[in-house]
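For reference, the structure discussed in these notes is given below.
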Ligand code: PXP
C-alpha cells in the first residue's frame, strides 16, 4: 500500500480522436508526456485486437518516451503476449475482450480460465513484466488470481460508477472487502473503469487501493480545461478523499 493511490492515465481515447480522421494528431504519446508533467504516476494504454485506438507503434513509442511506468492492457492471447514481450512494458493488465463491445465490459473470469491464463502469465513474467488481472470484486476471482501468481489485480469499478450515488453503498462495500482480501492474499490492488472527479473519492479512500487507472473522463474533460488541468483536478479529487 502507498500513502496515496497512484494515478495511471489511460490515453486510449486520444488515439480514438486521431483515428477518427486518419491524421497523425492528436498524438497519444504527446498526451501521455503532458499527463506525466501534470502529475500522472503512470500511463496506461490498451492495444485492442481490432486496433480501434492505440496501435502497435504507439505502444513502442510510449515505452521509449515515458519517464514513468507503462501499463499495457491487453487480451490474454499468444499474439498479444508476443508483442508485449518485445516491447517490455513495466506491467501488463490482462483484460477480457470482445470485438463488439464499446469498452471492457466485465472482469476476466480468472476462476474459469485458469489454465489458459497460467501459460500467458508465466510467459509475461518470464519477460520481466509485472502482471495484473482485471477482475470483478469477487472472492473467487481474487483467489484464482493469487493461485496464478500474478503481482496485482485491478478491481472493476464499472458497476459502482453506473449506480446512482444513493444506491452505491453495497457495491462500495464489495469493493472494500475485495481490496482487503487482495491485500491479505499478497496481491497489489488497483481499481478502475468509469471513474470521474465526482465518483473517485470513495474508491481513492479504500486503504488497500494502490493505483487507479482512469481514461475516458480525463480525455473528455481535456476538451474543456485541457489535459494537464484535468489530471490536476483528478489528483486533487483523489487527494481530498484521503
Ligand atoms: N482499467 C481497465 C482494465 C480498463 O479496461 C479501462 C478502460 O480501458 C480502464 C481502467 C479505464 O476506464 P475509463 O476509460 O472508463 O476511465
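Going by a ≥ b ≥ c, the root eigenvalues of the Cα gyration tensor, does segment 7-94 fall in the rounded group (a/c under 1.5), the prolate group (a/b larger than b/c) or the oblate group?
Values: a/c = 1.85, a/b = 1.11, b/c = 1.66.
It comes out oblate by the Cα gyration axes.
In Å and on Cα atoms, what radius of gyration and Dmax does segment 24-64 show?
Answer for segment 24-64, Rg first and Dmax second: 10.4, 31 Å.
Express the relative contact order of segment 164-242 as a whole percentage, based on alpha carbon pairs under 8 Å and six or more residues apart in sequence.
Taking the mean separation of contacting Cα pairs over the length of segment 164-242, I get 30 percent.
Rounded to the nearest 0.05, what FRET efficiency do residue 224 and residue 122 give with R0 = 45 Å and r taken as the Cβ-Cβ distance? Could you check?
The pair residue 224/residue 122 has a calculated efficiency of 0.50.
Quote the convex hull volume per residue of segment 67-193, based on C-alpha atoms, as a whole number of Å³. The partial results should precede the final answer.
On the way: hull volume 14.9 nm³, N = 127.
Dividing the Cα hull volume of segment 67-193 by its residues yields 117 Å³.
What order, most packed first, do the peptides 38-44, 123-129, 139-145 have when packing is the mean number of other Cβ atoms within 10 Å of each residue?
38-44, 139-145, 123-129
For segment 1-98, what relative contact order do you get, as a whole percent, if you take Cα pairs closer than 8 Å and at least 6 residues apart?
Details: 148 pairs, mean separation 24.2, N = 98.
Reported relative contact order: 25 percent.
Quick one: compute the contact order of segment 90-242, relative version, from alpha carbon pairs under 8 angstrom and 6+ residues apart, as a percent.
So the answer I get is 18 percent.
Counting just the Cα atoms, what span does the chain cover along each of its three principal axes? Round to the nearest Å and put the largest first.
Each principal axis gives a Cα extent; for the chain these are 44, 41, 33 Å.
Would you mind putting 55-66, 198-209, 146-157 in packing order, based on average other-beta-carbon counts within 10 Å, highest first?
Descending packing order for the listed peptides: 146-157, 198-209, 55-66.
Given R₀ = 51 Å, what would the calculated FRET efficiency be for residue 23 paired with residue 240, taking r from the Cβ atoms and rounding to 0.05? Walk me through the numbers on the way to the answer.
On the way: r = 38 Å, r/R0 = 0.74.
Working from the Cβ atoms, E equals 0.85.
So for 7, 195, 33, fewest C-beta neighbours within 10 Å to most, what's the order?
Numbers: 7 23, 195 27, 33 19.
Neighbour counts put them in this order, fewest first: 33, 7, 195.
For n ≥ 4 DSSP H runs only, could you compute -39500 (n - 2.57) per run for the chain, divide by its residues and tell me the 222 nm figure to the nearest 500?
Result for the chain: -14000 deg cm²/dmol, rounded to the nearest 500.
Computed from the coordinates by the stated procedures, all read-outs in this text should not be read as laboratory data. These figures come from a predicted structure and were not determined experimentally. Positions of Cβ are backbone-derived with ideal geometry, glycine not excepted, and every protein chain shown enters the neighbour counts.
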